[in-house]
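First the structure, in the form of structure tokens, and then the observations on it.
The values are calculated or read from the model by the stated rules, or taken from the named source; none is laboratory data. Not measured: the values here are computed from a predicted model. Glycine also receives a Cβ, built like all others from the backbone with ideal geometry; neighbour counts cover every protein chain displayed.
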Amino acid sequence: MFRRLFIANRGEVAVRVARTARALGIETVGGASAADLDASWTRQLDEVVCLGPAASSQSYLDLEALVQAARQTGCAAVHPGWGFLAENARFAALCEQHGLTFVGPSPSIIERMGLKWPSKAAARASGLPLIPGSEGLLQSVDEAVELAREIGWPVMVKADAGGGGRGMRRCVDEESLRTGYAQASAEAQAAFGNGALYLERCIEGGRHVEVQVLGDRWGNAVHLFERECSIQRNHQKLIEESPSPALDAETRARVGAQAAEAARALGYCGAGTVEFLLDPTTGTLHFMEMNTRLQVEHPITEETTGVDVVAEQLRVAAGARLSLRQEDVAAKGHAVECRINAEDPADGFRPTPGVVTAFEFPTNVGPGRVRVDSHVAAGDRVSPHYDSLLAKVITWGATRDEALDTMAACLEGASVEGVATTIPLHLAVLASPAFRSGTYSTAEIPGWPPVTDAAS
């Protein structure tokens with residue numbers, strides 16, 4: 001195992017990785033921007049170096065500065081966390097060139113799966129079903145229009161290098177497709193330096209289901225079952241749960257085996273997530289993409305399986321085999337995660353930077369158990385420069401109702417002051433009949449916005 005690990009990220013993920021590294025006897029070094037040097041999360045690391053100014057482009061996204069910091073502090077490996085450079089093939093290659101182990105898959109796999117169409121081609125070769133659409137990248141808007149007429153409206157044009165909803169447009173007719181094509185391509189070019197697009201049939205009211213996979217350098221791969229991530233806003237996840245209420249046991253076993261086989265066929269090493277869209281009309285799970293990194297929502301998988309996903313990442317990066325076989329993996333109970341962000345959902349999810357004056361979540365509530373993954377303490381400043389995530393509240397119960405009841409009790413008893421948060425939204429969703437019944441989809445956020453009594 002590595003003696004020293006450099007964590008090329010900040011905030012909650014830095015704290016999360018450091019926790020497991022510490023348990024494995026690994027010293028941790030982190031890089032922080034000038035704006036983060038006094039943040040409480042930096043005290044969870046053994047050593048911290050300043051990367052540069054507050055702007056991410058001059059600190060957390062500065063590849064050379066990160067590699068130099070890792071080398072100068074005697075680290076043997078680099079963990080990229082999620083976001084920032086976690087799926088940057090150039091960063092992974094730069095680490096390798098300087099004798100640092102990148103905790104993740106090879107640069108070639110990151111590059112292959114990072115572009116949507118090559119990843120779809122790899123998935124299809126592994127036997128995963130794709131959403132009907134173009135056979136490759138579109139060469140012109142006229143080609144897109146002709147294909148849309150064949151497969152039927154509505155359709156989606158998507159950026160090959162896209163992510164987070166950027167470079168994506170829903171089109172209902174030829175006019176909107178011609179407009180959306182130009183807009184999506186320009187947006188993708190500006191955001192990713194790549195304006196290439198492909199087209200898919202738009203699946204209305206679909207459900208976002210993803211499978212956690214692990215692989216090693218010895219050709220082994222397993223799945224840790226699935227997560228449901230359909231509660232989203234602008235393609236950003238808000239609430240996740242495991243297992244998915246939409247899958248029966250037979251479908252769960254089949255899609256898990258398919259995802260693990262795809263990882264094995266790729267020669268995948270590390271933690272990854274195979275994402276699917278469930279078509280409500282056919283019941284088919286269509287492959288969407290593969291995320292070649294640790295996911296924000298991995299704790300619910302840890303709570304239901306008992307597997308430390310970060311520990312497995314570190315072990316296989318060091319050259320060891322996976323510590324578990326597929327027959328060793330079992331999921332028990334139900335887990336749900338709410339992402340608590342410094343945003344005001346009643347004001348269009350406006351970010352609310354400022355000083356957190358109180359920050360406490362009760363853990364001895366409800367019939368289940370509570371886990372809070374956070375990097376924030378009272379007195380910390382929420383910076384406008386970075387992601388607004390304050391905490392992830394994870395609850396586990398023997399049943400889905402127990403997990404949801406525990407989550408509601410925890411959030412109702414939470415004390416977070418100084419900044420507005422998304423807690424009211426989470427409580428509204430948890431109380432909504434659609435979410436409680438498990439019949440929700442990506443089409444809307446159940447229970448939000450709250451229905452008001454016009455007569456009051």
Next item on the list: Could you list all residues from region 58-76 that are surrounded by 18 or more Cβ atoms within 10 Å (Cβ to Cβ), of a type in the set (D, E, K, R) and within 18 Å of R3 (Cβ to Cβ)?
Entry: none
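Going by the structure shown, is R3 out of contact with any helix residue (DSSP H, G or I) (no Cβ under 7 Å at 6 or more places or on another chain), buried (at least 18 other Cβ atoms within 10 Å of the Cβ), charged (D, E, K, R) and in contact (Cβ under 8 Å) with a residue 40 or more places away in the chain?
On the way: out of contact with any helix residue (DSSP H, G or I) (no Cβ under 7 Å at 6 or more places or on another chain): yes; buried (at least 18 other Cβ atoms within 10 Å of the Cβ): no; charged (D, E, K, R): yes; in contact (Cβ under 8 Å) with a residue 40 or more places away in the chain: yes.
Judged against the criteria, R3 is not a match.
What number of residues within region 71-93 satisfy the criterion of being in contact (Cβ under 8 Å) with a residue 24 or more places away in the chain, outside any loop (DSSP other than H, G, I, E, B) and within 26 Å of P299 (Cβ to Cβ)? Please lay out each step first, then the result.
Taking region 71-93 as the starting set, the residues that turn out to be in contact (Cβ under 8 Å) with a residue 24 or more places away in the chain are 71, 73-91.
After this cut, where a residue has to be outside any loop (DSSP other than H, G, I, E, B) as well, the list is 71, 77-79, 89-91.
After this cut, where a residue has to be within 26 Å of P299 (Cβ to Cβ) as well, the list is 77-79, 91.
Final tally of qualifying residues: 4.
Please work out if S441 is buried (at least 18 other Cβ atoms within 10 Å of the Cβ) and closer than 21 Å to T42 by Cα. Explain how you work it out, then say what you get.
On the way: buried (at least 18 other Cβ atoms within 10 Å of the Cβ): yes; closer than 21 Å to T42 by Cα: no.
No: the conditions fail for S441.
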Check: Of all the residues that make up region 293-338, how many are over 16 Å from G272 (Cβ atoms) and among the polar types (S, T, N, Q)?
Finding: 2
Check: What number of residues within region 19-42 satisfy the criterion of being in contact (Cβ under 8 Å) with a residue 40 or more places away in the chain and either assigned to a strand (DSSP E or B) or touching a Pro at 6+ places or on another chain (Cβ under 6 Å) (or both)?
Finding: 2
Next item on the list: Quickly run through region 113-134 and pick out the residues that are part of a loop (DSSP other than H, G, I, E, B), under 18 Å from V255 (Cβ atoms) and among the hydrophobic types (A, V, I, L, M, F, W, C).
Entry: L128, I131
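Rundown of residues vs (1) of a type outside the set (A, V, I, L, M); (2) buried (at least 22 other Cβ atoms within 10 Å of the Cβ), yes/no style:
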{"position": "G272", "(1), (2)": "yes, yes"}
{"position": "F276", "(1), (2)": "yes, yes"}
{"position": "P280", "(1), (2)": "yes, no"}
{"position": "F287", "(1), (2)": "yes, yes"}
{"position": "D308", "(1), (2)": "yes, no"}
{"position": "R321", "(1), (2)": "yes, no"}
{"position": "A330", "(1), (2)": "no, no"}
{"position": "A342", "(1), (2)": "no, yes"}
Notebook entry, point to check: Hey, among the residues in region 401-419 that are in contact (Cβ under 8 Å) with a residue 60 or more places away in the chain and surrounded by fewer than 20 Cβ atoms within 10 Å (Cβ to Cβ), which one's farthest from T357 (Cα to Cα)?
Noted result: E402
Next item on the list: Exactly one condition in (1) in contact with a Cys (Cβ under 6 Å, 6 or more places away or on another chain); (2) in a loop (DSSP other than H, G, I, E, B) is not met by L137; state its number.
Entry: (1)
Next item on the list: Could you grab me the full set of residues in region 424-445 that are in a loop (DSSP other than H, G, I, E, B) and hydroxyl-bearing (S, T, Y)?
Entry: S432, T439, Y440, S441, T442
Margin query: Restricting to region 207-227, give me the number of residues that are basic (K, R) and under 16 Å from the mean Cα position of the chain (by Cα).
Written below: 2
Checklist line | Cβ-Cβ under 7 Å pairs, at least 6 apart or on other chains, region 315-333 side of a type in the set (D, E, K, R), far side surrounded by 14 or more Cβ atoms within 10 Å (Cβ to Cβ) and not in a helix (DSSP H, G or I) | finding: R315/S323; R321/D216; R321/N220; R325/V222
Item checked: Condition broken by Q295, with the remaining ones in (1) outside any loop (DSSP other than H, G, I, E, B); (2) closer than 20 Å to I109 by Cα satisfied -> (1)
Notebook entry, point to check: In region 89-113, how many residues are surrounded by fewer than 21 Cβ atoms within 10 Å (Cβ to Cβ) and not aliphatic (A, V, I, L, M)?
Noted result: 11
Check: Only one of S244, S230 is buried (at least 21 other Cβ atoms within 10 Å of the Cβ), in a loop (DSSP other than H, G, I, E, B) and under 19 Å from the mean Cα position of the chain (by Cα); which?
Finding: S244
Item checked: region 366-422 - residue that is in a loop (DSSP other than H, G, I, E, B) and among the aliphatic types (A, V, I, L, M) and, of those, nearest to E343 (Cα to Cα) -> A420
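Considering only region 192-216, how many residues are within 30 Å of Q326 (Cα to Cα) and among the aliphatic types (A, V, I, L, M)?
Of region 192-216, the ones within 30 Å of Q326 (Cα to Cα) are 206-216.
Filter once more, keeping what is among the aliphatic types (A, V, I, L, M): 209, 211, 213-214.
The total comes to 4.
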Next item on the list: Test N220 against the criterion of being at pLDDT 95 or above and surrounded by fewer than 23 Cβ atoms within 10 Å (Cβ to Cβ), and give yes or no.
Entry: yes
Note to self: List pairs: first residue in region 98-121 and under 18 Å from G319 (Cα atoms), second residue part of a loop (DSSP other than H, G, I, E, B) and of a type in the set (V, I, T) anywhere in the structure, Cβ distance under 6 angstrom, at least six positions apart or on different chains.
What the structure shows: P105/T292
